[in-house]
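Structure first, commentary second.
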Amino acid sequence: MTVSAKVYPNGQKHIANGDTDLDGDAINCALVANTYTPADTDEYFDTHVAGDEASGTGYTGGGQALTGKSVSVTMANSWSATWAATTAYAVGQVIRPTTGNGHLYKCITAGTTGSSEPTWPTTALGTVDDGTATWIEIGVAAIIWNSSNPSWASSTITSRYAVFFVDGAAGSSDYLISYIDFGQDESSSSSEFTVVIDDTGIVRQFVASAA
């Protein structure tokens, strides 16, 4: 199962400010135990996360450096996830209409879609009810930051989260970027532990529609 990453708002501001270069900076993926509770206010790995880091055979504190980092742009009509009838959607899932209209939509009320496709709003942040779900227009393209899947060979590890952060000076520039919640403890036993990154990326930002 692949799970999309969730961002740290306090860490994201360092991307917006130019403190974090997603292409150029050394960025790590660390495995974290279920004793950790992610919070929007978390900002630094050492200060807010490291105390709950996982441990085990084949794992080194601070995790491992990401490889294969890339930044790409996906236009709305090329987005892979399309709307489906009578389907349950969770808050945060992003889709495009079955026939692309140049816009992307995010689920803001979890629910099950109707039997027929709604009329999609094309104004910025327009909303539409769809069965028991609600969608909001979020833009015309997505900027996606991605990497190769981090993995630990011949390891014995138990982890609940994968946390992505800048490998900078502890407590001052080790900015948190995003995390993946596995939904439950995941373990390896003298085998490979791999974090499979969803095709929606580690970080994604949407290009807004004209108002």
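The values are calculated or read from the model by the stated rules, or taken from the named source; none is laboratory data. Treat the numbers as computed from the prediction; the structure is a model and nothing was measured. All Cβ positions, even for glycine, are placed from backbone atoms using ideal geometry, and neighbour counts span all protein chains on display.
Would you point out which residue out of Thr47, Thr20, Thr35 is at pLDDT below 95 and assigned by TED's automatic domain parsing to the domain that holds Ala169?
Thr20
Looking at Tyr89, Tyr59, which one is of a type outside the set (S, T, N, Q), closer than 27 Å to Val166 by Cα and surrounded by 19 or more Cβ atoms within 10 Å (Cβ to Cβ)?
Only one candidate qualifies: Tyr59.
Take the stretch 191-206 and flag every residue that is farther than 25 Å from His14 by Cβ, assigned to a strand (DSSP E or B) and not aromatic (Phe, Trp, Tyr).
Once the filter is applied, which keeps residues that are farther than 25 Å from His14 by Cβ, assigned to a strand (DSSP E or B) and not aromatic (Phe, Trp, Tyr), the stretch 191-206 yields Ser191, Glu192, Thr194.
Within the set of pairs 6 or more residues apart or between chains, which connect a residue that is within 14 Å of Pro97 (Cα to Cα) inside the stretch 119-130 to a residue that is modelled with pLDDT under 95 and assigned to a loop (DSSP other than H, G, I, E, B) with Cβ atoms less than 9 Å apart?
Short answer, once both residue conditions are applied: Thr122/Ser209.
Scan the stretch 103-117 and report the pairs whose first residue is within 10 Å of Ala133 (Cα to Cα) and whose second residue is modelled with pLDDT under 95 and in a strand (DSSP E or B), with Cβ atoms within less than 9 Å and a gap of 6+ or a chain change.
Qualifying pairs under 9 Å: Cys107/Val94.
Quick one: Lys106 ticks every box in (1) surrounded by fewer than 17 Cβ atoms within 10 Å (Cβ to Cβ); (2) of a type outside the set (Phe, Trp, Tyr); (3) at pLDDT below 95 bar one, so which box is it?
(1)
Residues to consider are Val71, Val91; find the one that is under 17 Å from the mean Cα position of the chain (by Cα) and either assigned to a loop (DSSP other than H, G, I, E, B) or without any contact (Cβ under 8 Å) to a residue 24 or more places away in the chain (or both).
Going through Val71, Val91 in turn, just one is under 17 Å from the mean Cα position of the chain (by Cα) and either assigned to a loop (DSSP other than H, G, I, E, B) or without any contact (Cβ under 8 Å) to a residue 24 or more places away in the chain (or both): Val91.
Of a type outside the set (D, E, K, R), outside the structural domain of Asp21 (by TED's automatic domain parsing) and on the phi > 0 side of the Ramachandran plot, is that true of Gly126?
no
Only one of these conditions is not met by Thr35: (1) over 30 Å from Glu137 (Cβ atoms); (2) surrounded by 12 or more Cβ atoms within 10 Å (Cβ to Cβ). Which number is it?
(2)
Mind listing whichever residues of the stretch 121-139 are at pLDDT 95 or above and among the hydrophobic types (A, V, I, L, M, F, W, C)?
Selection gives Val128, Ala133, Trp135, Ile136.
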